[in-house]
1. Looking at V213, V132, V187, which one is aliphatic (A, V, I, L, M), farther than 30 Å from A62 by Cβ and buried (at least 18 other Cβ atoms within 10 Å of the Cβ)?
2. How many of the residues making up region 145-166 are under 18 Å from the mean Cα position of the chain (by Cα), open to solvent by 10 Å² or more (accessible area, probe 1.4 Å) and either acidic (D, E) or farther than 19 Å from W24 by Cα (or both)?
3. If a residue has to be crowded, with 21+ Cβ neighbours inside 10 Å and either free of Cβ contacts under 8 Å to residues at least 12 places away in the same chain or outside any loop (DSSP other than H, G, I, E, B) (or both) to count, how many in region 30-43 make the cut?
4. Given the structure, is T169 out of contact with any strand residue (DSSP E or B) (no Cβ under 7 Å at 6 or more places or on another chain), over 27 Å from S32 (Cα atoms), surrounded by 14 or more Cβ atoms within 10 Å (Cβ to Cβ) and hydroxyl-bearing (S, T, Y)?
5. Condition first: hydrophobic (A, V, I, L, M, F, W, C) and open to solvent by 10 Å² or more (accessible area, probe 1.4 Å). Now tell me which residues in region 89-105 satisfy that.
6. If the Cβ limit is 8 Å and pairs must be 6+ apart or interchain, which residue in region 172-186 that is within 16 Å of I52 (Cβ to Cβ) and touching a residue at least 12 places away in the same chain (Cβ under 8 Å) pairs with which residue that is basic (K, R) and open to solvent by less than 10 Å² (accessible area, probe 1.4 Å)?
7. Could you check Y231 against (1) touching a strand residue (DSSP E or B) at 6+ places or on another chain (Cβ under 6 Å); (2) in a loop (DSSP other than H, G, I, E, B); (3) surrounded by 19 or more Cβ atoms within 10 Å (Cβ to Cβ) and say which number it fails?
Amino acid sequence: MRTAFAISAFAATAAAHATFQELWVAGTDEESTCARLPGNNNPVTSVSTNDIRCNAGSKAAASKCSVAAGDVVTVEMHQQPGDRDCSREALGGNHFGPVIVYLSKVDDAATADGSSSWFKIFELGYDSSTKVWGNDLLNKNCGKQDVTIPSDIAPGDYLLRAETIALHTASQPGGAQFYMTCYQLTVTGGGSASPAGVKFPGAYSASDPGIQVDIWGNGFSEYTIPGPAVYSG
């Protein structure tokens with residue numbers, strides 16, 4: 001059964017690329033107004049280039065989205081630009097993998113280049129008891145994933161980096177596919193916390209067990225999400 005799935009995954013490699021496109025803030029649809037949309041829906045495959053920050057060909061968004069510390073934002077992914085049809089999977093083709101979200105404090109979210117430190121605020125990997133991946137839930141929820149903005153972080157501008165990693169061909173070096181979009185935020189309220197972070201590139205290694213991994217092998221049962229621990233406040 002795993003072999004059959006693996007064959008179908010390789011066949012679907014180019015058939016189901018996608019992009020995080022929209023953002024909801026406390027239940028309000030901000031559409032793509034603060035999303036730095038990439039040039040196309042292709043994945044990044046190298047963890048050692050600056051494209052791993054906010055994707056290839058991305059440009060400053062039209063505006064910033066105002067978010068209160070402690071609020072819930074919802075990132076939304078779809079396969080084609082502007083297509084929010086829930087009858088189609090957000091990321092199809094057996095592109096199984098985790099969903100990860102980071103924040104980076106910046107002086108101006110409209111001009112920041114992503115070289116500042118990033119701290120992780122959300123991750124959803126693999127549930128071995130149900131065999132459900134984080135991005136399986138994206139597909140079941142019309143591409144949407146809720147994420148809480150930490151209530152204690154300092155106010156100001158941030159980049160929010162939403163990412164899913166497709167692992168269907170990740171058994172080979174360079175086979176993992178990274179799909180990410182950065183959103184431009186202004187966080188209001190909050191406290192004074194300035195969480196320690198990591199840099200992109202640098203946070204991930206191509207040989208990390210959550211990046212080069214055979215999810216189809218008979219010995220696969222647990223998954224290690226790459227990157228730092230989630231900031232707990």
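1. On the way: V132 fails: buried (at least 18 other Cβ atoms within 10 Å of the Cβ); V187 fails: farther than 30 Å from A62 by Cβ.
Just a single option satisfies the conditions, and that option is V213.
2. Restricting attention to region 145-166, the residues satisfying the condition of being under 18 Å from the mean Cα position of the chain (by Cα) are 145-150, 158-166.
Restricting the remaining residues to those that are open to solvent by 10 Å² or more (accessible area, probe 1.4 Å) gives 145-146, 148, 150.
Going one step further and asking which of them are either acidic (D, E) or farther than 19 Å from W24 by Cα (or both), we end up with 146.
So the answer is 1.
3. Counting residues in region 30-43 that are crowded, with 21+ Cβ neighbours inside 10 Å and either free of Cβ contacts under 8 Å to residues at least 12 places away in the same chain or outside any loop (DSSP other than H, G, I, E, B) (or both) gives 2.
4. Numbers: out of contact with any strand residue (DSSP E or B) (no Cβ under 7 Å at 6 or more places or on another chain): yes; over 27 Å from S32 (Cα atoms): yes; surrounded by 14 or more Cβ atoms within 10 Å (Cβ to Cβ): yes; hydroxyl-bearing (S, T, Y): yes.
The answer is yes for T169.
5. Residues of region 89-105 hydrophobic (A, V, I, L, M, F, W, C): 90-91, 96, 99-101, 103.
Scanning region 89-105 gives a single hit, F96.
6. Pairs found: M180/R161; T181/R161; C182/R161.
7. It fails just one condition, (3).
Yes or no, residue by residue, for (1) within 19 Å of Y102 (Cα to Cα); (2) modelled with pLDDT of 95 or more:
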site	(1), (2)
M1	no, no
A11	no, no
L23	yes, yes
E31	no, yes
R36	yes, yes
G39	no, no
N42	no, yes
S46	yes, yes
K64	yes, yes
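The values are calculated or read from the model by the stated rules, or taken from the named source; none is laboratory data. Small disclaimer: the values here were computed from a predicted structure and weren't measured. Glycine also receives a Cβ, built like all others from the backbone with ideal geometry; neighbour counts cover every protein chain displayed. All accessible areas refer to the heavy atoms of the entire protein, side chains included, with ligands and DNA or RNA removed. Shrake-Rupley method; radii C 1.70, N 1.55, O 1.52, S 1.80 Å.
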